[in-house]
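All remarks here apply to the structure that follows.
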Amino acid sequence: MSLPVSTKVVAIIAANPALSSLLAMVVAGDSHLNVRQFDSEIDLIAYMRIAPVDMLVCDFDREGRPAYEMVEGIRLNDDLISQDVPVIALTRTITPPMRHQAISAGIDEVIIKPMSPRHLLQRIQARLRGRSVVGALGGYRGPDRRNRISMPALQPVPTRRTSDNVVQLFPDRRKPRHPGLEG
């Protein structure tokens, strides 16, 4: 007996109603995703006060407050059920200041338009599958924050063949680690 797969809610607020409808139609093709389209930030925030959202897709190119400011507002709003919602943003171009703003706001991924709506669906599915407990509990928002955790440097283990370009990362487990403790 297999466990039922829970349905996830994807909120979409795009640059215009036509793009929003197109994206919603493709994303709704996944029977495990419920899509909610929003025409304004006010409507989105009102919805997030009463219902959880598992993924937010927003657009830098829409009118009104910039996407990074909207996401910052969501992250800081204690009245919302899904403050730590993963966010994918869409844009026609990305500049270094925009990249910094997206990272600071907690936007997880930026996709350059035009893109295939199916590509967006694949990215949504991947983000929902790979959602981390660290993100939900520890406030982790995005891959560019990995350098905040100090990790020991990996020391490559020399390989037997020096002619190839493969670096062995883990010791050969077939050899005993401690001579004399073979048994």
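The values are calculated or read from the model by the stated rules, or taken from the named source; none is laboratory data. Computed from a prediction, not measured in an experiment: that's the story for all the values here. In this analysis, Cβ positions are derived from the backbone assuming ideal geometry, glycine residues included, and neighbour counts consider all displayed protein chains.
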field: Wholly within segment 1-119, helices (runs of 4 or more DSSP H) carrying at least 2 residues that are of a type in the set (Val, Ile, Thr) and touching a helix residue (DSSP H, G or I) at 6+ places or on another chain (Cβ under 6 Å)
entry: 17-27
- request: Could you check, for segment 19-31, whether at least one of its residues is modelled with pLDDT under 95, of a type in the set (A, V, I, L, M, F, W, C) and over 16 Å from HIS119 (Cα atoms)?
  value: no
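For every residue, the table says whether it meets (1) under 19 Å from GLN125 (Cβ atoms); (2) touching a strand residue (DSSP E or B) at 6+ places or on another chain (Cβ under 6 Å); (3) crowded, with 19+ Cβ neighbours inside 10 Å; (4) not small (Gly, Ala, Ser).
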residue: GLY29; (1), (2), (3), (4): yes, no, no, no
residue: SER40; (1), (2), (3), (4): no, no, no, no
residue: TYR47; (1), (2), (3), (4): no, no, no, yes
residue: LEU56; (1), (2), (3), (4): yes, yes, yes, yes
residue: THR95; (1), (2), (3), (4): no, no, no, yes
task: Note down all Cβ pairs under 9 Å where the first residue falls in segment 93-104 and is in contact (Cβ under 8 Å) with a residue 24 or more places away in the chain, the second is of a type in the set (Lys, Arg), and they're at least six residues apart or on different chains.
output: ILE103/ARG141; ILE103/ARG145
